[in-house]
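I have placed the structure first, in the form of structure tokens, so that the comments after it can refer back to it.
The values are calculated or read from the model by the stated rules, or taken from the named source; none is laboratory data. Everything numeric in this text was worked out from a predicted model, so none of it was measured. Note: ideal-geometry Cβ built from the backbone for every residue, glycine included; neighbour counts use all protein chains shown. Quick note on the areas: whole protein, heavy atoms, side chains included, nothing else; ligands and nucleic acids left out. Shrake-Rupley method; radii C 1.70, N 1.55, O 1.52, S 1.80 Å.
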Amino acid sequence: MALLWLTLHNERWAWKGFDWATTDRLHKKGLIGDPVNKSKSLFLTDEGLERSEALFRELFTRRPQ
């Protein structure tokens, strides 16, 4: 999820560069729209958008000292 935030564009779309099993699991959890389409991007749901940002900040940023 954190890497989806890294490739975010157009407010809630992320590039589809992840393996199918992973995107299928995220879709089943309601975090992204159906990944099986001709688009090169994935649609993040409201929950997916919030979780991807939170995980990105937790895993890839430093806390102020």
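Select from the stretch 1-16 the residues that are open to solvent by less than 70 Å² (accessible area, probe 1.4 Å) and over 15 Å from GLU53 (Cβ atoms) and list them in ascending order. Hit for the stretch 1-16 is LYS16, nothing else. For the subset of the stretch 1-42 comprising residues that are aromatic (Phe, Trp, Tyr) and within 22 Å of LEU59 (Cα to Cα), which member is modelled with the lowest pLDDT? Per the criteria, the residue is PHE18. Quick check on my filter: what residues within the stretch 23-65 are open to solvent by less than 100 Å² (accessible area, probe 1.4 Å), in a helix (DSSP H, G or I) and closer than 10 Å to LEU4 by Cβ? Correct list: THR23, LEU26, GLY48, LEU49, SER52, GLU53, LEU55, PHE56. I'm trying to understand the selection: among the residues of the stretch 1-17, which are under 10 Å from the mean Cα position of the chain (by Cα) and either part of a loop (DSSP other than H, G, I, E, B) or aliphatic (A, V, I, L, M) (or both)? Within the stretch 1-17, MET1, ALA2, LEU3, LEU4, LEU6, THR7, LEU8, ARG12, ALA14, LYS16 meet the criteria.
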